[in-house]
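Structure first, then comments.
Throughout, read-outs are computed from the coordinates displayed, never taken from laboratory work. These numbers were taken from a predicted model, which means no experiment stands behind them. In this analysis, Cβ positions are derived from the backbone assuming ideal geometry, glycine residues included, and neighbour counts consider all displayed protein chains.
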Amino acid sequence: MSKQHTYTTTDKLITKITAWIAGIIALALCGWGIVTLYNLYNYEETDDAQVEEYINPITSRVSGYIKEIRYDENQDVKKGDTLLIIDNREYALQKEEGEAGLQNARSQVAVLESNVQTAAKIAQVNNAQIDAVKAKLVRQQQEYDRYKKLFDAESATKQQLENVKSGLDVAQSDYQAALSNYQASLSKVNDSRAQINPVISEIKRRELMLQRNQLDVSYTVITAPYNGKMGRRTIQAGQQIQVGQTLAFIVDKETGKWVIANFKETQLKYLQTGKTVQITADAYPNTKITGSVISFSPATGSRFSLLPPDNSTGNFVKIAQRIPVKIKITDNGAVVGLLSAGMNASVSVSKNALGHE
């Protein structure tokens with residue numbers, strides 16, 4: 001005699017619930033499959049993307065001891081804010097020494113210009129003496145000529161002629177001496193003027209040195225080059241630093257943020273400069289961020305590596321290469337302000353926006 005199976009009300013209820021759950025799961029899988037197929041058909045995506053910002057080092061242009069640090073880690077700073085101060089006493093002394101040397105050189109120019117004026121006045125006096133001595137010479141020459149005629153006419157003695165000749169010789173010597181003194185005074189004027197040019201050059205050199213000293217003093221106060229956010233602090237007050245030493249890192253907030261997305265070479269046909277894309281940061285997966293393609297890398301990422309692959313060696317395996325694509329974040333949403341450099345992201349681009357066949 002066969003045993004007849006009977007279903008209780010509970011069994012029927014369980015069967016019905018199981019059927020409904022299976023149906024819901026099937027519908028969910030169908031919906032997920034349809035959405036996935038739709039996205040695959042209409043969008044190209046990559047999850048090989050990162051958020052980027054300009055991160056620049058703050059370096060020292062002078063050496064010395066850190067006197068004061070005025071920023072903390074992860075602090076927002078404005079352009080021109082003082083970040084740290086270096087002990088400037090040594091550079092201040094050099095500046096004062098340069099100012100004293102410059103003042104001394106300028107004083108020398110004043111002295112030389114006074115000497116030129118004095119020599120010029122002496123030259124004027126000597127020139128005036130030339131006229132007086134020349135007049136005396138002319139008178140002595142006339143006197144000699146008169147006595148020479150008298151001597152020839154035997155109306156004057158030889159002694160008288162010799163006395164007059166001696167006076168003429170003295171007058172000629174005085175005239176030559178006056179000319180020599182005048183020429184000497186003119187040479188002294190020229191010499192004094194010639195000494196001014198080297199001193200003027202020295203003044204220019206000292207002015208440049210003073211400007212350098214002033215720059216060194218200004219370099220002891222290190223300020224923020226732009227609006228940004230400071231990174232990790234690794235220095236302390238009293239620490240000795242050297243020229244060119246990296247003191248901190250600052251993230252530039254003025255130039256904005258962008259994403260470097262590494263698309264496969266087979267996906268590039270759907271991209272072009274200015275194309276709008278959708279960005280999703282892994283930290284905020286429920287928020288879509290709008291971006292715009294700015295540029296494409298001139299070569300694949302592997303070509304920029306230290307040892308780029310050489311496919312001509314014989315061991316060739318065809319691998320889809322990736323091209324870095326720079327994408328500017330054009331969205332101004334609140335989430336954009338929370339993004340930090342290095343965060344992972346996903347980028348999707350529509351296949352139909354460009355009308356590719």
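Descriptive notes on the structure:
- Stretching SER305 away from ALA341 to a fully extended chain increases their span by 10.8 nm, per 0.36 nm per residue minus the current alpha-carbon distance.
- Annotation: amide H-H contacts under 5 Å for LEU84 (H modelled 1.01 Å from N, sequence separation of 5 or more, or interchain): ARG70, ILE222.
- Residues whose amide H falls under 5 Å from that of PHE263, counting only those 5 or more places apart or on a different chain, are ILE323, VAL325, with hydrogens built in the peptide plane.
- Too-long pairs where the Cα-Cα distance tops 32 Å, listed order kept, from LYS67/LYS326; LYS78/LYS326; LYS318/LYS351; LYS204/LYS253; LYS136/LYS188: LYS67/LYS326; LYS204/LYS253
- Three-way shape label, the stretch 89-219, alpha-carbon gyration tensor, a/c 1.5: prolate
- Mean separation of Cα contacts under 8 Å (6+ apart) over length of the stretch 89-219, as relative contact order %: 51 percent
- Two-site label geometry, LYS204 and SER180: point separation in nm, points 7 Å out along Cα→Cβ: 4.0 nm
- Protection-proxy order for peptides 18-26, 62-70, 295-303, each taking the mean of Cβ atoms within 10 Å per residue, highest first: 62-70, 295-303, 18-26
- Separation in nanometres of the label points that stand 7 Å from Cα toward Cβ, at ARG139 and THR290: 10.9 nm
- Computed FRET value (nearest 0.05) for VAL170 with ALA92, which takes r as the C-beta separation and R₀ as 56 Å: 0.25
- Computed from backbone phi, the HN-Hα couplings of the stretch 50-62 come to 9, 6, 10, 9, 6, 10, 10, x, 9, 10, 9, 9, 9 Hz, rounded to whole numbers (Karplus: 6.51 cos²θ - 1.76 cosθ + 1.60, θ = phi - 60°; Gly and Pro given as x).
- Point-charge dipole on Cβ atoms (K/R +1, D/E -1) for the chain, about Cα centre, debye to 20: 540 debye
- Ignoring lysines fewer than eight residues from LYS158 along the same chain, the ones with Cα atoms less than 16 angstrom from its Cα are LYS148, LYS149.
- Size descriptor, Kirkwood hydrodynamic radius, that averages inverse alpha-carbon separations across the chain, Å: 31.6 Å
- Pairwise centroid distance, computed over Cα atoms, of the stretch 237-296 with the stretch 197-231, Å: 35 Å
- In percent, rounded to a whole number, the relative contact order of the chain is 31, using alpha-carbon pairs under 8 Å and six or more apart.
- Taking amide H as placed 1.01 Å from N in the peptide plane, the amide H of GLU52 sits under 5 Å from that of TRP258, VAL259, ILE260, GLY342, each at least 5 places away or on another chain.
- Distance (nanometres) between label positions extended 7 Å along Cα→Cβ at TYR54 and ASP81: 1.8 nm
- Taking θ as phi - 60° and the Karplus parameters 6.51, -1.76 and 1.60, the scalar couplings of the stretch 344-349 work out to 7, 8, 10, 10, 10, 9 Hz in sequence order, x denoting glycine and proline.
- FRET efficiency for the LYS148 to ALA194 pair, using the beta carbon distance and R₀ = 45 Å, is estimated at 0.40.
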